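Inspection log for the structure reproduced underneath, given as structure tokens.
The values are calculated or read from the model by the stated rules, or taken from the named source; none is laboratory data. Keep in mind that what you see is a predicted model, and the values were worked out from it rather than measured. Cβ coordinates were reconstructed from backbone atoms using ideal geometry, including for glycine residues, and neighbour counts include every protein chain displayed. Please note that ligands, DNA and RNA were not included when accessible areas were found on the heavy atoms of the full protein model with its side chains. Shrake-Rupley method; radii C 1.70, N 1.55, O 1.52, S 1.80 Å.
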Amino acid sequence: MNDLEKQEKIENLKVDIIEDLNGLFPLPKHPFNMENEGKLSYAKWQFTKGAKALEYFSEYSNTLEMFQNKTVLDIGCGPAGKSLYYATQGAQKVIGLDILDKYKSSAEDLAKELKLTNKFSFIVGDSANIPLDSNSIDTVIINDAMEHVENPLKTIKESLRVLKKGGKLYINFPPYFHPYGAHLSDAISMPWVHMIFNEETLIKAYKKQVKDLPDGVDRINFRISEKNGREHFSYINKMTVHRFNNILDKLNINPDYYKEVPLKKALSPFKKVPYVREMLIKMVVCVIEKS
């Protein structure tokens, strides 16, 4: 057996280990699987989660302040279920922005079903180059998307550009070292799997888990891309708490509100421990007002 064959055998063994360990943990509820099972579309699932997403800002703000008679931009909206929920909270207009045009029809269909077409529009575009005028938006929301955008620093700069003076940018995201921070929980239920196995192994394991699903090819194409002859997870930028704070520092931003939500309250004291804190934070929450 040559070195290449040995390496391949080791990789296959790692994939088998992930598969075996996967059986020890229940698979979290995931919209991809719910849609496959005919229980709920991705867009409708998002709509049901709209209120939950806003809870992270409840210590700082409320839906009246965020939405009433305001023009809202929802960055990284996907099929825009949450965008449409925001439209039910008194917003004058909600614009959903996503780089994937495949979500446009789902978003517009749900808007029609909810009778919200007069309050909603979907734009296909890059958050690092938002196709909107400066000083045109009252509220920008980046909910569970900061870990996905290709250029987080430019995304924040662009968000502030389109905001009116006094407008606010609301950000919340699960950091990369969250138990499911690799965003593979539609198929891999093992927590912190991305801290144990390298990306090459995870790609092979993920492909094996989803290959026989009705939307398996779509999931693989959504999550995995090839660059310089090597596959990588292109749908996520591995945003950590430390990296996010460095971006704020580079932009000389002092947030009006900032909170790191622990996985459990009992773990709060460990948030001060370097490196360990990254693993124990469920959500980073940040609000920035444009001066």
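I need the full set of residues from the range 194-224 which are outside any helix (DSSP H, G or I), within 18 Å of residue 32 (Cβ to Cβ) and without any contact (Cβ under 8 Å) to a residue 40 or more places away in the chain, in order please. Outline the logic, then answer.
Here is the first cut: in the range 194-224, the residues outside any helix (DSSP H, G or I) are 196-198, 211-215, 224.
Next, from what is left, pick out any that are within 18 Å of residue 32 (Cβ to Cβ): 211-215, 224.
Within the range 194-224, 211, 212, 224 meet the criteria.
Got a number for residues in the range 243-257 being in a helix (DSSP H, G or I) and either modelled with pLDDT under 95 or open to solvent by less than 80 Å² (accessible area, probe 1.4 Å) (or both)? Working first, answer last.
Filtering the range 243-257 for residues in a helix (DSSP H, G or I) gives 243-250.
From what's left, either modelled with pLDDT under 95 or open to solvent by less than 80 Å² (accessible area, probe 1.4 Å) (or both): 244-248.
Looking only at that region, the number is 5.
What number of residues in the range 258-291 are among the aliphatic types (A, V, I, L, M) and either assigned to a helix (DSSP H, G or I) or modelled with pLDDT under 85 (or both)? It would help to see each step written out before you state the result.
Narrowing the range 258-291 to residues among the aliphatic types (A, V, I, L, M): 261, 263, 266-267, 273, 276, 279-281, 283-285, 287-288.
This time we only want the ones that are either assigned to a helix (DSSP H, G or I) or modelled with pLDDT under 85 (or both), so: 266-267, 273, 276, 279-280.
Residues flagged as among the aliphatic types (A, V, I, L, M) and either assigned to a helix (DSSP H, G or I) or modelled with pLDDT under 85 (or both) within the range 258-291 amount to 6.
Does any residue of the range 142-153 turn out to be in contact with an Asp or Glu (Cβ under 7 Å, 6 or more places away or on another chain), open to solvent by less than 10 Å² (accessible area, probe 1.4 Å) and either within 30 Å of residue 20 (Cα to Cα) or in a loop (DSSP other than H, G, I, E, B) (or both)?
no
Restricting attention to helices (runs of 4 or more DSSP H) lying wholly within the range 40-91, give those where 3 or more residues are of a type in the set (Phe, Trp, Tyr). Lay out the reasoning, then the answer.
Numbers: elements: 42-48, 50-54, 63-67, 81-87.
Fully inside the range 40-91 and qualifying: 42-48.
Would you point out the residue of the range 120-141, among those that are out of contact with any Gly (no Cβ under 8 Å at 6 or more places or on another chain) and β-branched (Val, Ile, Thr), that is surrounded by the fewest Cβ atoms within 10 Å (Cβ to Cβ)?
Checked the range 120-141; the qualifying residue surrounded by the fewest Cβ atoms within 10 Å (Cβ to Cβ) is 124.
What pairs come out if I take residues in the range 154-180 that are in contact (Cβ under 8 Å) with a residue 12 or more places away in the chain and pair them with residues that are part of a helix (DSSP H, G or I) and among the β-branched types (Val, Ile, Thr) whose C-beta lies under 9 Å away, six or more apart or interchain?
156/247; 169/156; 171/156; 175/241; 176/241; 177/241; 179/193; 180/193
Is it true that some residue in the range 195-208 is among the acidic types (Asp, Glu), out of contact with any helix residue (DSSP H, G or I) (no Cβ under 6 Å at 6 or more places or on another chain) and open to solvent by less than 60 Å² (accessible area, probe 1.4 Å)?
Of the residues in the range 195-208, the ones among the acidic types (Asp, Glu) are 199-200.
Narrowing the set further to residues that are out of contact with any helix residue (DSSP H, G or I) (no Cβ under 6 Å at 6 or more places or on another chain) leaves 199-200.
Checking which are open to solvent by less than 60 Å² (accessible area, probe 1.4 Å) leaves us with 199.
Looking through the range 195-208, at least one residue is among the acidic types (Asp, Glu), out of contact with any helix residue (DSSP H, G or I) (no Cβ under 6 Å at 6 or more places or on another chain) and open to solvent by less than 60 Å² (accessible area, probe 1.4 Å).
Take the range 159-179 and flag every residue that is crowded, with 23+ Cβ neighbours inside 10 Å and among the hydroxyl-bearing types (Ser, Thr, Tyr).
Hits for the range 159-179 are 159, 170.
Can you tell me which residue among 19, 35 is at pLDDT below 95 and surrounded by 16 or more Cβ atoms within 10 Å (Cβ to Cβ)? If you could, list the steps in order and put the result at the bottom.
On the way: 19 fails: surrounded by 16 or more Cβ atoms within 10 Å (Cβ to Cβ).
After applying the criteria, what remains is 35.
Out of the range 3-16, which residues are open to solvent by 80 Å² or more (accessible area, probe 1.4 Å) and either among the acidic types (Asp, Glu) or in contact with a His (Cβ under 7 Å, 6 or more places away or on another chain) (or both)?
At the first step, the residues of the range 3-16 found to be open to solvent by 80 Å² or more (accessible area, probe 1.4 Å) are 3-10, 13.
Listed by number, the residues that qualify are 3, 5, 8.
Report yes if residue 290 is farther than 21 Å from residue 193 by Cα and touching a Gly at 6+ places or on another chain (Cβ under 7 Å), otherwise no. Break it down stepwise before answering.
Working: farther than 21 Å from residue 193 by Cα: yes; touching a Gly at 6+ places or on another chain (Cβ under 7 Å): yes.
So residue 290 fits the description; yes.
Determine which single condition residue 71 fails, assuming it passes every other condition in (1) under 28 Å from residue 194 (Cβ atoms); (2) surrounded by 18 or more Cβ atoms within 10 Å (Cβ to Cβ); (3) of a type in the set (S, T, N, Q).
Checking residue 71 against (1) under 28 Å from residue 194 (Cβ atoms); (2) surrounded by 18 or more Cβ atoms within 10 Å (Cβ to Cβ); (3) of a type in the set (S, T, N, Q), the one that fails is (1).
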